[in-house]
Amino acid sequence: GSGARGVAPLRAADVLLTGTTAVSLILSFIGLGLFLLCEGCRARLPRGAVSVSTLPFVGAAVLTQGFNGPSSLPGYRAFQPFAGGLSFVLLQSFGWFLLGALVQVV
């Protein structure tokens, strides 16, 4: 369909296939690898190793929310409560639920 208020609609590939998205994905995979390493070598690693392994995820989040969103999406705002329709709100609530469950497990 046509974009709202004269703005051309964005294709997912236009937003997803950017340099900052690639860097965010690489950082996320590095963080996953570090988490798996921490799990496999728990007895031999220092106590703060898991905390350090979260840094790539923080970097990926900063790139995504601070650079990729504002530069790729017209009208982007970091805080958009209940915007985006029911499907978006449900996906967001499910994502936050999973994050809360992960925090409780760890």
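No lab work stands behind these numbers, since they all come straight from the coordinates. Source: prediction; values computed, not measured. Methodologically, a virtual Cβ is constructed for each residue, glycine included, from the backbone with ideal geometry; neighbour enumeration extends over all protein chains shown.
Worth a mention:
- The 3J(HN,Hα) values that the Karplus relation (6.51, -1.76, 1.60; θ = phi - 60°) gives for segment 28-45 are, in residue order, 5, 5, 4, x, 4, x, 5, 4, 5, 4, 4, 5, x, 10, 4, 6, 9, 9 Hz. Gly and Pro appear as x.
- Placing R0 at 30 angstrom, the Cβ-Cβ distance between PHE88 and ARG44 gives a FRET efficiency of 0.10 after rounding to 0.05.
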